[in-house]
Amino acid sequence: MNKACKLLVAMLVVSMLFSIVPQNVSASTSNNYVVVVNVLNVRAGAGTNFRILTTVSMGRHLTVSRYNGTWAYVGGGGWVHRNYIVRITAASGTRTVNVGAGSTLNVRSAPTTASLAIGSLPNGARVTITGRVSGWYRISHGINSHAWVSAAWVR
């Protein structure tokens, strides 16, 4: 294969990854995950010896279609290590923020205190729950449909 063909194939793969891998997905199925590290490498194969195709940021949603040991195949484009993604389970309903009078609850970009605080909610605010990850609720918050709050402060 000549250099031009290789370049074209590489560009098509990268284009596919950007359009398929990071998705906004519903939490209604069990193959939906969220990235919980600052930057996650998406690799050409299931192992660190494979080249990095692209990266995805903390808070991005991924659809996993199959597994190979500790590796997960995402979207239609590459492999990520399972230690850096967590499964989103179904949850729904409207709940109330309960942090105490005069306090606020941080709204975060991913289900971890290491993620960016993208806003806050006052005590008594009503939130719409759209998913759950171990101790965290995914909520609809303003224009961000994938914001997260600690489940400990929502009743």
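Would you kindly calculate the mean projected area, averaged across all directions, of the convex hull enclosing the Cα atoms of the range 70-155, in square nanometres?
For the range 70-155, the mean projected area of the Cα convex hull comes to 6.3 nm².
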Just subtract the alpha-carbon distance of Leu116 and Ser92 from 0.36 nm times their residue separation and send over the number in nm, one decimal. 6.3 nm
Got a sec? How would Arg95, Arg126 order by Cβ neighbour count within 10 Å, fewest to most? Arg126, Arg95
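Bear in mind that the values in this text are calculations on the coordinates, not laboratory data. These figures come from a predicted structure and were not determined experimentally. Glycine gets a Cβ as well: all are built from the backbone with ideal geometry, and neighbour counts include every protein chain shown.
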